[in-house]
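S.K.: To start, I am sharing the structure in question, which I have written as structure tokens.
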Amino acid sequence: MTVFRRQSLVAYGQPLCETVAELPAPQGTEVLVRIARCGVCHSDVHLQDGYFDLGQDRKLDVTGGRALPFTLGHEIAGVIESAGPEAADAAAGRAVAVFPWIGCGHCADCLAGDENLCNAPRNLGVNIDGGFATHVLVPHPRYLLDYAPLPTALAAAYMCSGLTAYSALKKVEKAGARGPLLLVGLGGVGMMGLAFARAMFLHAPLVADIDPAKREAALAAGAAAAFDPGDRNARKEIAALTSGGPRGVCDFVGSDRSLAFATGAVGKGGKVVVAGLLGGALPLSVPLFPLKVMTIEGTFVGTLAEAKEMLALARSGKVAPAPISERPLSDAQRSLDDLRHGRIVGRVVLTAK
Ligand SMILES: [Zn+2]
Ligand SMILES: [Zn+2]
């Protein structure tokens, strides 16, 4: 029996622990990928908790439909090790990033290419075993994307934080053509958003974060100006720089405070895209929707087509690499703890050795 190692979720709210399981043999269209890198995402923290905070003491339970021990981790890149008989085009030895937002494959959303909206998802590291391990089983080779000449760790991180940022920016593409966007929150996704915005738009974006170190990092990475959302003058200064407020704002935090700041800052006819999942609830003044002609739109990861577009842009060399630090797979729990406490600038990617 050949076995493989995983950093497993064995109980919600408890630390991950190493487990060993029998290495699966790929069946049908399945492909077995030997993992080289797997990024650690803030949503892994919520999945480990077993819930998302909806605000006002309400919680969204996310413990359903998952047998424990379970392997978290959805920012995966590695090398094809073996493939099932119906996955002939998956050549062993090929280096691939793994698109994890996999749907059922046959509902209306999946058939339209919106697998990230599927109601019977098979998301890697969320619904089926993911990447905090030495190997992962992928349902079909069409989810395996070439990434050369990008670094493997960056290609892995692009599969969630990069894709989330790219898909959010696509939703304010028109606004980005008119003037600078405002990006709120400079964690892993926000920094990716900054890098992609620099490549996609003429105007460098404005950024906001409560952490001065993150604002410094964003300015060094090409942000036009950085603001502390807690500063009372921030909105006024942003309005002055954008003739009345940016027409596109991406909220990469997703808390009551970040969304209040985003909706306060957005200009007339503008759109706020909420990509973050931190938690909270807030009352919104209803008349501001018509008076400001304001749109608030949610976005969740992205489609396979967007992942390919994003990788093509990154592979062309136009996107500055986001800051990444690498740690051994055995540091999965320490990395989740650091993320939970906001102790990380950029992205942490685990090396499966
Ligand atoms: Zn993620
Ligand atoms: Zn589906």
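The values are calculated or read from the model by the stated rules, or taken from the named source; none is laboratory data. This one's a predicted model, so the numbers in the text were calculated from it and none came from an experiment. Glycine gets a Cβ as well: all are built from the backbone with ideal geometry, and neighbour counts include every protein chain shown. Protein only, heavy atoms only, side chains kept; ligands, DNA and RNA dropped before computing areas. Shrake-Rupley method; radii C 1.70, N 1.55, O 1.52, S 1.80 Å.
S.K.: Kindly establish whether Ala155 is touching a strand residue (DSSP E or B) at 6+ places or on another chain (Cβ under 8 Å) and either open to solvent by 10 Å² or more (accessible area, probe 1.4 Å) or among the acidic types (Asp, Glu) (or both).
M.R.: Values: touching a strand residue (DSSP E or B) at 6+ places or on another chain (Cβ under 8 Å): yes; either open to solvent by 10 Å² or more (accessible area, probe 1.4 Å) or among the acidic types (Asp, Glu) (or both): no.
So Ala155 does not fit the description; no.
S.K.: Looking at the stretch 69-82, which of the residues that are surrounded by fewer than 24 Cβ atoms within 10 Å (Cβ to Cβ) and of a type outside the set (Val, Ile, Thr) is nearest to ligand 2 (Cβ to nearest atom)?
M.R.: Filtering first and then ranking leaves Phe70.
S.K.: Let me ask something else about it. Looking at the stretch 115-146, which of the residues that are in contact with a helix residue (DSSP H, G or I) (Cβ under 9 Å, 6 or more places away or on another chain), open to solvent by 40 Å² or more (accessible area, probe 1.4 Å) and in contact (Cβ under 8 Å) with a residue 40 or more places away in the chain is nearest to ligand 1 (Cβ to nearest atom)?
M.R.: Only one residue tops the list, namely Leu117.
S.K.: From Cys110, Cys104, grab the single residue that is within 14 Å of ligand 2 (Cβ to nearest atom), part of a loop (DSSP other than H, G, I, E, B) and open to solvent by less than 50 Å² (accessible area, probe 1.4 Å).
M.R.: So the residue among Cys110, Cys104 that is within 14 Å of ligand 2 (Cβ to nearest atom), part of a loop (DSSP other than H, G, I, E, B) and open to solvent by less than 50 Å² (accessible area, probe 1.4 Å) is Cys104.
Conditions (1) in contact with a strand residue (DSSP E or B) (Cβ under 7 Å, 6 or more places away or on another chain); (2) open to solvent by less than 50 Å² (accessible area, probe 1.4 Å); (3) part of a strand (DSSP E or B), marked per residue:
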site	(1), (2), (3)
Arg6	yes, yes, yes
Val20	yes, no, yes
Ile35	yes, yes, yes
Ser43	no, yes, no
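S.K.: Could I ask something else about it? If you take the residues of the stretch 266-277 that are in contact (Cβ under 8 Å) with a residue 60 or more places away in the chain and open to solvent by 10 Å² or more (accessible area, probe 1.4 Å), which of them is farthest from Ile210 (Cα to Cα)?
M.R.: Only one residue fits best here, namely Lys271.
S.K.: Also, I was wondering about something else. Could you check Lys59 against (1) touching a Phe, Trp or Tyr at 6+ places or on another chain (Cβ under 9 Å); (2) open to solvent by 20 Å² or more (accessible area, probe 1.4 Å); (3) touching a residue at least 24 places away in the same chain (Cβ under 8 Å) and say which number it fails?
M.R.: All conditions are met except number (3).
S.K.: May I ask you to list the residues in the stretch 290-312 that are open to solvent by less than 70 Å² (accessible area, probe 1.4 Å) and either more than 18 Å from the chain's Cα centre (by Cα) or farther than 24 Å from His42 by Cα (or both)?
M.R.: Lys292, Met294, Thr295, Ile296, Ala312
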